[in-house]
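Enquirer: There's a structure below that I have some questions on.
Please treat every number below as a calculation from the coordinates, not as lab data. Model, not experiment: these values are computed from the prediction. Ideal geometry is used to build each Cβ from the backbone, glycine not excepted, and the neighbour counts take in all protein chains shown.
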Amino acid sequence: MSRTVARCLSPVLTILAVTISGSAVVKAAEPEVIPLWPKGAPGALGTEAVDIPTLTIFKPDPAKATGSAIVICPGGGYGFLAVEHEGAEVAKWLNSLGITGVMLKYRLAPKYHHPAMMNDVNRAIRTVRARASEWGLDPKRVGVLGFSAGGHLASTAATHYDAGKADAEDPIERVSSRPDRAILVYPVIALATPFGHTGSLNNLLGKNPPKELVESLSNETQVTKDTPPTFLAHTNADAGVPAENSLLFALALRKHKVPVELHLFEKGVHGLGLGSGWAGRIPPEPSFEAWPGLCATWLKNQGFLDKNAK
């Protein structure tokens, strides 16, 4: 491993313990961190940490492992990553359900713009699916989960995927990037509407992007019958990213007869993570702490908690 990659990965390796839904802090095994592209990301503008997207793999207790995996996209307006309360804590929650959590560190503005982020999430899903046998996973149960701008990225994965290139030299590029399920938590989605998030839009596409490009990434317009079943959670009080983002996506899913579950909570500011907030910045909201349990039930109904289901 190069010194540059090692510098990129070392901060993530310090994440060893988290608190989930009020439970005691539990020391976890050190997660494995790998570069998304071992030979360098396409379109990379350098070799520093910001140029190297990574996956941090949080594995559940082998006795509880179901064989399912979910790629996690933390939020941060496409300008930073909230890796603690929208990344590591979420992975540990998934581990408690027996699901492998794979946290994606994707490229960010101002150095990067679309399509770098989309390429990163699509590559992440391909990587998990391509290495499923090696990691003890079911390649037909690979989901994506995102918060805020990470929710936009997850919705992009759910609507801008491809089947892979059968003749690609890289075996990872031969497999599909379509997630089998999507979980979107207070997501940015409707970029081409008055409900979109200006900061995320500017960071993703730069200033004054072409109208057609904005519309193509306003993902409620990109839903088809093949979009994966989706779970959405939002709050009515969210002033940062209005609930219309989730509502419009849910309506699009219904229009195309794609299974959808939507939970709109009355209270709660933007950025609550699992509901416990962000220490020192975002206060917890007890009502929003219900969404992980509701999502766990949904995942069970989707077969993601069936041990080694095929």
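Enquirer: Let me check against my output: what whole-number percent is the relative contact order of the chain, with C-alpha pairs under 8 Å and at least 6 apart?
Expert: Working: 683 pairs, mean separation 47.7, N = 310.
It comes to 15 percent, rounded to a whole number.
Enquirer: For Thr221, Thr230, Thr127, Thr297, which order do you get if you count the other beta carbons within 10 Å of each Cβ and list the fewest first?
Expert: Fewest to most other Cβ atoms nearby, the residues stand as Thr297, Thr221, Thr127, Thr230.
Enquirer: Over 23 Å between Cα atoms, which of Lys39/Lys105; Lys257/Lys300; Lys140/Lys225; Lys111/Lys165; Lys105/Lys300; Lys111/Lys225 qualify? Don't jump to the answer; show the numbers that get you there.
Expert: Values: Lys39/Lys105 16 Å; Lys257/Lys300 21 Å; Lys140/Lys225 18 Å; Lys111/Lys165 28 Å; Lys105/Lys300 27 Å; Lys111/Lys225 35 Å.
Cα-Cα > 23 Å for Lys111/Lys165; Lys105/Lys300; Lys111/Lys225; rest within.
Enquirer: If the elastic network links every pair of Cα atoms under 10 Å, which of Glu285, Glu261, Glu48 fluctuates the most in the Gaussian network model of the chain?
Expert: In this elastic network of the chain, the residue with the biggest mean-square fluctuation among Glu285, Glu261, Glu48 is Glu48.
Enquirer: Can you tally the net charge around Leu191? Count Lys and Arg as +1, Asp and Glu as -1, for every other residue whose Cβ sits under 13 Å from the Cβ of Leu191. Spell out each step's value before the answer.
Expert: Working: positive: Lys211; negative: Glu212, Glu215, Glu220, Glu244.
Net charge in that neighbourhood comes out at -3.
Enquirer: Once Cα extents along the principal axes in Å is worked out from the coordinates, which option in [x] 46, 45, 40; [y] 57, 50, 39; [z] 61, 47, 46 does it equal?
Expert: [x]
Enquirer: Could you tell me the relative contact order of segment 170-310? Use alpha-carbon pairs under 8 Å, at least six residues apart, and round to a whole percent.
Expert: On the way: 209 pairs, mean separation 29.7, N = 141.
Relative CO of segment 170-310 lands at 21 percent.
Enquirer: Can you tell me the dipole magnitude for segment 3-301 around its Cα centre, using point charges on the Cβ only (Lys, Arg +1; Asp, Glu -1), in Debye to the nearest 20? Let's see the in-between values first.
Expert: On the way: 29 positive and 27 negative charges, 68 e Å.
Result for segment 3-301 is approximately 320 debye, rounded to the nearest 20.
Enquirer: Net charge within 12 Å of Lys225 by Cβ-Cβ distance, Lys/Arg positive one each and Asp/Glu negative one each, not counting Lys225 itself?
Expert: Net charge around Lys225: +2.
Enquirer: If you take every DSSP beta bridge whose two residues both sit in segment 3-301, what share of them, in percent to the nearest 5, is antiparallel? If you can, show how the numbers build up before the last one.
Expert: On the way: 12 of 36 bridges.
Roughly 35 percent of the beta bridges in segment 3-301 run antiparallel, per DSSP.
Enquirer: In segment 135-294, what % of DSSP beta bridges are antiparallel (nearest 5)? Could you put the intermediate results ahead of the total?
Expert: Working: 1 of 16 bridges.
Here the share of antiparallel DSSP bridges comes out near 5 percent.
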